[in-house]
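The values are calculated or read from the model by the stated rules, or taken from the named source; none is laboratory data. Note that the coordinates shown come from a computational prediction; the quantities given were computed from them, not determined experimentally. Neighbour counts run over all protein chains shown; Cβ positions are idealised from the backbone, glycine included.
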């Protein structure tokens, strides 16, 4: 199989709760999610409802590592991206439109902007959903957002929204993030539901807030090409 190198924004060195996995369950391969609750429990949720996604990821994984299991991500364009092994490269497994949902102890876990008790979230509410997502950064000063593209070993490029659209467009979007993150900037994430969420410091700990949606047609970085 010829692998397709992914040329867009990729997560780097993220925690277990910030990625999906294909994992073994009994004799089957399933989609797994690690979810940390507000009362310090860690839930290991799985779903068997996405065999096509399992096949997409495991085909790439097997080619890369000889094993069909391992982590993957889904970006805001529904592109399924798989990290390489021992390399900074990521590979495109395809696109997957069906939303991921995990049933766990009578709760439904998903990246949709809905609380665990079924309430629609408003910007500024605590983000209680799973945390897999693609990282971006609000620039210091709060007038632009960007990500860093790894071009080759020891070389990266900063890609700013103001390079893709006008500085005014970038400022308008950045202001939505700045209203919560402040002028110092910092990380925020967008998931496959196009929900935007971000970590904020609260005393000696961190909380995550929901910041709104990336709306259809809203000026944004273009869909990456493989």
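List of remarks:
- Of all residues in segment 49-71 being closer than 22 Å to residue 131 by Cα and touching a helix residue (DSSP H, G or I) at 6+ places or on another chain (Cβ under 9 Å), the one that is surrounded by the fewest Cβ atoms within 10 Å (Cβ to Cβ): 69
- Hey, residue 129 at pLDDT below 95 and surrounded by 20 or more Cβ atoms within 10 Å (Cβ to Cβ) or not: yes
- For segment 28-45, the candidate set comprises residues that are more than 18 Å from the chain's Cα centre (by Cα) and surrounded by 16 or more Cβ atoms within 10 Å (Cβ to Cβ); within that set, the residue that is farthest from residue 98 (Cα to Cα) is 43.
- With respect to the conditions (1) modelled with pLDDT under 95; (2) within 30 Å of residue 156 (Cα to Cα); (3) touching a strand residue (DSSP E or B) at 6+ places or on another chain (Cβ under 6 Å), residue 36 lacks only one, and its number is (2).
- In segment 90-107, the residues that are over 16 Å from residue 20 (Cβ atoms) and either loosely packed, with under 14 Cβ neighbours inside 10 Å or in contact with a helix residue (DSSP H, G or I) (Cβ under 9 Å, 6 or more places away or on another chain) (or both): 105, 106
- Residue within segment 6-19 that is within 19 Å of the chain's Cα centre (by Cα), touching a residue at least 24 places away in the same chain (Cβ under 8 Å), assigned to a strand (DSSP E or B) and surrounded by 13 or more Cβ atoms within 10 Å (Cβ to Cβ) present: no
- From 149, 116, residue being in contact (Cβ under 8 Å) with a residue 12 or more places away in the chain and surrounded by 15 or more Cβ atoms within 10 Å (Cβ to Cβ): 149
- Within segment 166-187, one or more residues are in a strand (DSSP E or B) and either closer than 30 Å to residue 40 by Cα or not assigned by TED's automatic domain parsing to the domain that holds residue 31 (or both).
Yes/no per residue for (1) in contact (Cβ under 8 Å) with a residue 12 or more places away in the chain; (2) under 29 Å from residue 87 (Cβ atoms):
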position: 32; (1), (2): yes, yes
position: 35; (1), (2): yes, yes
position: 41; (1), (2): no, no
position: 58; (1), (2): yes, yes
position: 66; (1), (2): no, yes
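- Those residues of segment 74-83 which are modelled with pLDDT of 95 or more and on the phi < 0 side of the Ramachandran plot, in sequence order: 74, 75, 76, 77, 79, 80, 81, 82
- Qualifying residues in segment 154-182 (those that are touching a strand residue (DSSP E or B) at 6+ places or on another chain (Cβ under 9 Å) and farther than 29 Å from residue 95 by Cα) - the one surrounded by the most Cβ atoms within 10 Å (Cβ to Cβ): 181
- Subset of segment 84-105 (residues that are at pLDDT 90 or above and more than 17 Å from the chain's Cα centre (by Cα)): 103, 104, 105
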